[in-house]
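Novice: A single structure is presented below for examination.
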Amino acid sequence: MSVTILAIESSCDDTSAAVVQDGVVLSNIMAAQDVHKKYGGVIPELASRAHQQNIVPVVHGAIESAGIASKDISAIAFTRGPGLLGSLLVGTSFAKGLAISLGKPIVDVNHLQGHLLSHFIIEKGKEKELPEFPYITLLVSGGHTQIVKVKNFLEFEVIGETIDDAVGEAFDKCAKLLGLGYPGGPVVDRLASLGDPHRFRFAKPKIKDLNYSFSGIKTSLLYFLRDNLKENERFVEENLNHICASYQKHLIDILLDKLTKAYKETGIVQIALSGGVSANSELRKRVVESGHKYGWKMFVPELRYTTDNAAMIAIAGYYKYLSGHRASMDSVPVSRSADYI
Ligand code: KG4
Ligand code: ZN
């Protein structure tokens, strides 16, 4: 008998629902929230209100476009955390209510586990090579920057992580300082492709082991812009593409230094990228170049599965369900989770 998982993702500012049947994604519906753009960042209260408006049509859309009936659902998976509490609460409560009304079990999923397992999302009729365990993932998003050893579908070991800000925040901060809007990553990516990455240099942080730090880099960009604007008030206008290209190169150099170190320390050659920042065109290019140099087998996600989406929650929920895991109806969202659940 088929195993069919309906999944709900609402951890930040995207409301998404997806259906996965026997590991194959049948639908993945998304409602982005434009309301945050004018504030230059996600406003938690507005995010949870928008999730409340979006959740019914998004879940309905996922079931309808998958072409399944609600009786076909084996379990409802939902993102339990980490994320914004008010946003998580909408998805969690909705999943529980729907599960009770349909008489189905629920499966709680860690959002990061979703990103890590996004390489296992299989689309109908498309052949795809899947990673073998163990593999190493560079998980880079707006909230996290980690190097994770993925041991199997349920076991993850964080072998390096940021001690302060996430790399996505460093992209978003750059866009904010340059007046480019939110989210900043895609705009910086686009402008950087038109600039010279060697025009400006920034100091590299000295962080031990496989860990990262991005807060000092954000501050050094602030001072760099302030000092140059003192000399020339048109500095940003005249150098916008070069600033984006140089700053982006700096962030990617740092990400790749530690990823390469992780490969050398573990000897693991299966290397994956995950999370919103893995949509970055230069990071994707550079990681493939490193892959050729060191003989890595690379897993770079399709663009639609890099940023937040429910298909990755459905696939993680699917493997948890197969392992026998079920969540209690008492489970509550967690804004921060130190451990993978
Ligand atoms: O995974 P995600 O959708 O949400 C979190 O779980 O945080 O990641 C969002 C982050 C934002 O910081 C956004 O600026 C960044 O991913 N991002 C990018 C690109 N597309 C999205 N950063 C660099 N280049 C991109 N093309
Ligand atoms: Zn995410």
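No lab work stands behind these numbers, since they all come straight from the coordinates. In this text, all values refer to a predicted model and were calculated from it rather than measured experimentally. We place every Cβ from the backbone using ideal geometry, glycine too, and count neighbours over all the protein chains shown.
Novice: For region 135-303, report the % of Cα-Cα distances exceeding 30 Å.
Specialist: 16 percent
Novice: For the chain, give me the percentage of DSSP beta bridges that are antiparallel, rounded to the nearest 5 percent.
Specialist: Details: 26 of 45 bridges.
Of those bridges, close to 60 percent are antiparallel.
Novice: Please state, as a whole number in µm²/s, the translational diffusion coefficient that the Stokes-Einstein equation yields for the chain at 10 °C and 1.306 mPa s, with Rh defined as the Kirkwood radius across alpha carbon pairs. Don't skip to the end; give the middle numbers.
Specialist: On the way: Rh = 20.6 Å.
D = 77 µm²/s.
Novice: Then there is this: Could the peptides 278-290, 30-42, 86-98, 301-313 be put in order, highest first, of the mean number of other beta-carbon atoms found within 10 Å of their residues? Could the numbers behind the result be given before it?
Specialist: Values: 278-290: 18.2, 30-42: 15.1, 86-98: 21.8, 301-313: 23.9.
Ranking the peptides 278-290, 30-42, 86-98, 301-313 by packing returns 301-313, 86-98, 278-290, 30-42.
Novice: Return the sequence-ordered ³J(HN,Hα) values of region 181-194 in whole Hz as given by the Karplus equation 6.51 cos²θ - 1.76 cosθ + 1.60 applied to θ = phi - 60°, using x for Gly and Pro.
Specialist: x, 10, x, x, x, x, 5, 4, 4, 5, 5, 4, 5, 9
Novice: Something else: Can you work out ³J(HN,Hα) from phi for every residue in region 250-255, in order, using Karplus 6.51 cos²θ - 1.76 cosθ + 1.60 and θ = phi - 60°, giving whole Hz and x for Gly and Pro?
Specialist: Per-residue couplings from phi come out as 4, 5, 5, 4, 5, 4 Hz.
Novice: Now for a separate question. Given the options 256, 59, 81, identify the residue whose Cα lies farthest towards the positive end of the charge dipole of the chain (+1 on Cβ of Lys, Arg; -1 on Cβ of Asp, Glu).
Specialist: So the residue we want is 256.
Novice: Can you tally the net charge around residue 19? Count Lys and Arg as +1, Asp and Glu as -1, for every other residue whose Cβ sits under 15 Å from the Cβ of residue 19.
Specialist: Net local charge, residue 19 excluded: -2.
Novice: Oh, and also: In debye, nearest 20: dipole of the chain around its Cα centre with unit charges on the Cβ of K, R (+) and D, E (-)?
Specialist: Values: 37 positive and 37 negative charges, 70 e Å.
That gives a dipole near 340 debye.
Novice: Still on this structure, please answer the following. Full extension from residue 328 to residue 128: what is 0.36 nm times the residue separation minus their Cα-Cα distance, to one decimal in nm? Each step should come with its number before you reach the end.
Specialist: Working: separation 200, 0.36 × 200 = 72.00 nm, distance 3.43 nm.
Additional length available on full extension: 68.6 nm.
Novice: Still on this structure, I have one more. Averaging sequence separations of C-alpha pairs under 8 Å and six or more residues apart, then dividing by the length of the chain, give the relative contact order as a whole percent.
Specialist: On the way: 710 pairs, mean separation 84.8, N = 341.
Computed value for the chain: 25 percent relative contact order.
Novice: Mind listing the long-range amide H neighbours of residue 27? Cut-off is under 5 Å, sequence gap 5 or more, other chains count too, H placed in the peptide plane at 1.01 Å from N.
Specialist: Distant-sequence amide H within range of residue 27: 19.
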